[in-house]
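Asks: Have a look at this one.
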Amino acid sequence: MFERFTADARMAVVEAQIVARQSGSVEVGPAHLLAGLVKTGVPLLAELGVSADDIAAELARIRRRGGVSDADAEALTEFGIDVEQIVEAVEQTHGEGALAGRLGPAKRGHIPFTAQSKKTLELSLKEAVRLGDKHLGQEHILLALAQQHGTDDVLARRGVDYQSLSRAVRQRKAG
């Protein structure tokens, strides 16, 4: 499948692996794929007025909270649970970033992809085929991430959902 990836899309996947390794993760998840895209620069997001720094900051907040997204944190607030207060208490006891998953030095060697990341890459290929493209680019990965739980919230909070991305990709192809 990777033979169809553009150089930018391959670099995003490599960056995702680097982000996962640096954060101490044992697997590469969809959030790592989004972080990898952001690190390599996604012109489509910039065209839609989305700040790469803003996405990177939210992904860092989610990682610090042990994977709890802003949307999840808001939902928990309705039950009287203050996620930030819990994170602060855990960090006071166990140190900064205790919920982020880092358990020591960065892991060496291969870091496997989660089932959801594999599904994301498969969806990326389906998006490329659906659009009639012979290559798989960053835009196809982004379209797939807009359909995955967690990363879809990060994008939606910035006014970007699957429909708006799909429309933007079609407009790019037409123009």
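The values are calculated or read from the model by the stated rules, or taken from the named source; none is laboratory data. Since we're looking at a predicted model, the values are computed, not measured. Every residue, glycine as well, gets a Cβ built from its backbone with ideal geometry; the counts of neighbours run over all protein chains shown. Note: areas computed on protein heavy atoms with side chains; ligands, DNA, RNA excluded. Shrake-Rupley method; radii C 1.70, N 1.55, O 1.52, S 1.80 Å.
Asks: Condition first: closer than 20 Å to residue 34 by Cβ and modelled with pLDDT under 80. Can you find one or more residues in the range 89-98 that meet it?
Replies: Scanning the range 89-98, I find at least one residue that is closer than 20 Å to residue 34 by Cβ and modelled with pLDDT under 80, so the answer is yes.
Asks: Among the residues of the range 124-146, what is the count of those that are of a type outside the set (A, V, I, L, M), surrounded by fewer than 19 Cβ atoms within 10 Å (Cβ to Cβ) and assigned to a loop (DSSP other than H, G, I, E, B)? Write out each step before concluding.
Replies: Filtering the range 124-146 for residues of a type outside the set (A, V, I, L, M) gives 124, 126-127, 130, 132-135, 137-140.
Then keep just the ones that are surrounded by fewer than 19 Cβ atoms within 10 Å (Cβ to Cβ); that gives 126, 130, 132-135.
Narrowing further to those that are assigned to a loop (DSSP other than H, G, I, E, B): 132-135.
Selection size over the range 124-146: 4.
Asks: Go through the range 147-161 and give me each residue that's open to solvent by 50 Å² or more (accessible area, probe 1.4 Å) and either at positive phi or of a type in the set (Ser, Thr, Tyr) (or both).
Replies: Correct list: 159 only.
Asks: Let me ask you something else. How about the range 36-46: which of its residues are open to solvent by less than 40 Å² (accessible area, probe 1.4 Å) and aliphatic (A, V, I, L, M)? Reasoning before the result, please.
Replies: First, pick out the residues of the range 36-46 that are open to solvent by less than 40 Å² (accessible area, probe 1.4 Å): 36-38, 41-42, 44-45.
Passing the criteria: 37, 38, 42, 44, 45.
Asks: Residues being hydroxyl-bearing (Ser, Thr, Tyr), under 12 Å from the mean Cα position of the chain (by Cα) and assigned to a helix (DSSP H, G or I): count how many of those fall in the range 25-83.
Replies: Total satisfying the criteria: 0.
For every residue, the table says whether it meets (1) hydrophobic (A, V, I, L, M, F, W, C); (2) surrounded by 13 or more Cβ atoms within 10 Å (Cβ to Cβ).
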site	(1), (2)
7	yes, no
20	yes, yes
34	yes, yes
48	yes, yes
55	yes, yes
59	yes, yes
66	no, yes
69	no, yes
92	no, no
